[in-house]
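Visitor: Below you'll find the structure I mean.
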2 protein chains.
Amino acid sequence: MSNVFKALADPTRRRVLELLREQPLSAGDLSDHFEFSKPTMSAHFSVLREANLVDATKSGKSVIYRIKLSVLEDALLGFAQGFGLGASNADTQDTDKEESS
Amino acid sequence: MSNVFKALADPTRRRVLELLREQPLSAGDLSDHFEFSKPTMSAHFSVLREANLVDATKSGKSVIYRIKLSVLEDALLGFAQGFGLGASNADTQDTDKEESS
DNA sequence: TAGACAATTAGCTAAATAACTAAATGAAGA
DNA sequence: TCTTCATTTAGTTATTTAGCTAATTGTCTA
């Protein structure tokens, strides 16, 4: 739980997940999308793995990463539901937009 | 965006939000629910304020904190929607439950 | 089997985080 | 006004985090 939110707290890791949303990618292909070193990216992958947000499978020389959408879904929507959010909430009390015109 | 997930990454702050879900509470009343010092709790409130997840209003000697549900909703559900989650997703591809029995 | 290549691990540094105590601020009441 | 009470700020410490380079591991392929 904490691990998921910690993983999502870093923009690089969120971007990794967005890339994986399109298709599975190898560690190297993922790293090519960023300016950080491979070891730095590997550490990010490790955080995502520990949060169980991605799955890593070895394929020859490469490691293929896949997003685990159900885990992301359970974490985000499960947590949101705990606050009564997510169903059909057109009008909650707080809007923070139209106050004090 | 990052600020919201960073705020949610700490279990104490998630618990604070859960308490505020029931009703607005003063800094002191909130602190009474935890074993940490007041300054430590104040720092947590500060993180929640910077993430715009709570609203603080002064009332006499006290400061009353209120959750901003719409901000939480926008962050969680907005992010989830970016992954195609949240609508009516009975069957996505990945389940991570029924693999390898 | 030797080299090349992909990825991770080891080891380091700087910055951020979460905790504490002590001090400061600011409002209410005696 | 002086004291008390609620909260935040200041300043310290230990731990974690995110980045790096260099070294290691492990798999292909020439």
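The values are calculated or read from the model by the stated rules, or taken from the named source; none is laboratory data. Quick caveat, the model's predicted, so the values are computed rather than measured. Heads up, the Cβs are rebuilt from the backbone with ideal geometry, glycines too, and the neighbour counts pull from every protein chain shown. Note: accessible area is taken over every heavy atom of the protein model, side chains too, but ligands, DNA and RNA are not part of it. Shrake-Rupley method; radii C 1.70, N 1.55, O 1.52, S 1.80 Å.
Visitor: Within segment A:36-78, can you find the residues that are outside any strand (DSSP E or B), farther than 25 Å from B:L72 by Cβ and either within 12 Å of the chain's Cα centre (by Cα) or within 14 Å of another protein chain (Cβ to nearest Cβ) (or both)?
Guide: If the condition is that a residue be outside any strand (DSSP E or B), farther than 25 Å from B:L72 by Cβ and either within 12 Å of the chain's Cα centre (by Cα) or within 14 Å of another protein chain (Cβ to nearest Cβ) (or both), then A:H44, A:F45, A:R49 are the ones that fit.
Visitor: Please specify each residue of segment A:57-87 satisfying the condition of being within 16 Å of DNA strand D (Cβ to nearest atom) and over 17 Å from A:Q23 (Cβ atoms).
Guide: A:K58, A:G60, A:K61
Visitor: Against the definition (open to solvent by less than 70 Å² (accessible area, probe 1.4 Å) and near DNA strand C (Cβ under 9 Å from one of its atoms)), how does B:T12 come out, yes or no? Working first, answer last.
Guide: Working: open to solvent by less than 70 Å² (accessible area, probe 1.4 Å): yes; near DNA strand C (Cβ under 9 Å from one of its atoms): yes.
Judged against the criteria, B:T12 is a match.
Visitor: May I pose another question? Kindly list the number of the only condition in (1) crowded, with 19+ Cβ neighbours inside 10 Å; (2) within 16 Å of DNA strand C (Cβ to nearest atom) that fails for A:R49.
Guide: In the conditions (1) crowded, with 19+ Cβ neighbours inside 10 Å; (2) within 16 Å of DNA strand C (Cβ to nearest atom), A:R49 misses (1) alone.
Visitor: Within segment A:9-31, how many residues are touching a residue at least 12 places away in the same chain (Cβ under 8 Å), within 13 Å of chain B (Cβ to nearest Cβ) and not polar (S, T, N, Q)?
Guide: 9
Visitor: Further question on the same structure: Restricting attention to segment B:32-51, which residues are of a type in the set (G, A, S) and either more than 9 Å from DNA strand D (Cβ to nearest atom) or without any contact (Cβ under 8 Å) to a residue 12 or more places away in the chain (or both)? Spell out the reasoning first.
Guide: Filtering segment B:32-51 down to residues of a type in the set (G, A, S) leaves B:37, B:42-43, B:46, B:51.
Passing the criteria: B:S37, B:A43, B:S46, B:A51.
Visitor: Out of (1) farther than 19 Å from A:G78 by Cβ; (2) assigned to a helix (DSSP H, G or I), what's the single condition that is false for B:H33?
Guide: It fails just one condition, (2).
Visitor: A further question on this structure: Of all residues in segment B:52-68, count the ones that are open to solvent by less than 40 Å² (accessible area, probe 1.4 Å), without any contact (Cβ under 8 Å) to a residue 40 or more places away in the chain and over 18 Å from B:D32 (Cβ atoms).
Guide: Number of matching residues: 1.
Visitor: Let me ask another. With buried (at least 18 other Cβ atoms within 10 Å of the Cβ) and either away from DNA strand D (no atom under 12 Å from the Cβ) or among the β-branched types (V, I, T) (or both) as the only criterion, which of B:L25, B:L20 stands out?
Guide: None of the other options fit; the residue is B:L20.
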